[in-house]
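Read the figures in this text as sums done on the coordinates, not as results from a lab. This one's a predicted model, so the numbers in the text were calculated from it and none came from an experiment. Don't worry about glycine lacking a Cβ; one is built from the backbone with ideal geometry, like all the others, and counts go over all protein chains shown.
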Amino acid sequence: MQFRGAFTALVTPFNNGQIDEEAYRKLIEWQLESGINGVVPCGTTGEAATMSHDEHKRVISICVDQVKGRVPVLAGAGSNNTAEAVELARYAKEAGADGGLLITPYYNKPTQEGLYQHFKRIAAEVSLPYIVYNVPGRTSVNLLPLTVARLNKDIPEVIGIKEATGDLNQVSQVLEHCGPDFQVLSGDDFTVLPLLAIGGCGVISVVSNILPDKMSALCAAWETKEITKAQELHYYLASFSRMMFLETNPIPAKTSLALMGRIKLELRLPLVPMGEENTGKLRSFLADKRLI
């Protein structure tokens with residue numbers, strides 16, 4: 001399984017505390033029509049941390065059903081509880097997802113050996129292509145390049161990594177140790193093009209929630225060696241990256257989609273709506289870009 005190009009870390013629309021299935025299906029369809037290369041339900045951007053297991057499974061099922069094999073579905077299946085991650089991965093496989101996205105365990109702060117054993121156990125229990133997800137800013141643990149290399153060497157199911165450190169030196173070391181066939185995806189919208197330049201193969205993006213066409217075009221331009229076009233798109237998207245992180249993700253992304261008329265603005269505590277000042281900045285920005 002190849003996870004290449006632009007994948008959207010999908011927001012999860014809610015309505016009166018429930019999953020808004022109609023809005024979710026329409027959002028996915030718009031993403032596909034806009035040329036996105038793949039979708040990721042139930043990640044950090046999808047507010048998986050505040051969903052019940054039943055809701056988590058429902059969101060994956062809706063996504064797989066709506067996509068109908070047109071692009072890969074990389075389902076969020078991670079947890080800081082290894083047994084729980086096994087359960088979610090098993091469901092993702094049964095639902096027909098093409099792979100699983102496995103975040104490093106948060107809060108527990110495992111050692112590198114603990115991280116290795118966590119991913120090893122999941123792969124042993126559920127054979128599925130996995131992208132491990134390294135985001136120290138949220139988990140307080142860094143999956144180091146030598147540990148990634150060990151996973152790549154010992155566990156065939158681990159075929160790549162979503163790297164959200166923003167540290168190109170670390171990403172370079174991962175590629176150095178794992179080789180060009182290991183699928184390295186940016187988890188940091190600010191560094192998509194630099195990561196592609198050192199051997200990465202794509203991005204799991206927050207920004208592509210609102211600009212799927214532009215993010216997929218950036219990845220495509222790099223693939224076809226249209227360097228100037230890729231650079232132009234990189235700089236065009238830079239301001240959007242800043243806006244999508246004005247406050248904690250996915251608050252700005254969901255606010256943007258609501259302003260664009262695509263979803264209802266509803267977040268789950270402990271996430272709350274954007275402050276008035278930042279909402280004004282975002283509204284003005286989107287209006288200036290002619291998105292609202």
Taking the stretch 1-40 and keeping residues buried (at least 23 other Cβ atoms within 10 Å of the Cβ) and among the hydroxyl-bearing types (Ser, Thr, Tyr) leaves Thr8, Thr12, Tyr24
Going through the stretch 198-210 in order, the residues found to be hydrophobic (A, V, I, L, M, F, W, C) and closer than 21 Å to Arg242 by Cβ are Val203, Ile204, Val206, Val207, Ile210
Checking Ile19, Ile60 in turn, the sole residue that is of a type in the set (Val, Ile, Thr) and within 20 Å of Leu259 (Cα to Cα) turns out to be Ile19
Self-check item: Some residue of the stretch 41-61 being surrounded by fewer than 23 Cβ atoms within 10 Å (Cβ to Cβ), without any contact (Cβ under 8 Å) to a residue 24 or more places away in the chain and hydrophobic (A, V, I, L, M, F, W, C)
Solution: yes
If we keep only residues of the stretch 141-175 that are outside any loop (DSSP other than H, G, I, E, B) and small (Gly, Ala, Ser), then the residue farthest from Ser205 (Cα to Cα) is Ala149
Counting only residues in the stretch 119-139 that are over 23 Å from Thr165 (Cα atoms) and in a loop (DSSP other than H, G, I, E, B), the one nearest to the chain's Cα centre (by Cα) is identified as Leu128
Output for Cβ contacts, cut-off 6 Å, separation at least six or different chains, first residue of a type in the set (Asp, Glu) in the stretch 7-28, second buried (at least 17 other Cβ atoms within 10 Å of the Cβ) and not in a helix (DSSP H, G or I), reads Asp20/Pro13; Asp20/Phe14
Note: among Val126, Val71, just one is surrounded by 15 or more Cβ atoms within 10 Å (Cβ to Cβ), in contact with a strand residue (DSSP E or B) (Cβ under 9 Å, 6 or more places away or on another chain) and under 24 Å from Val203 (Cα atoms), namely Val71
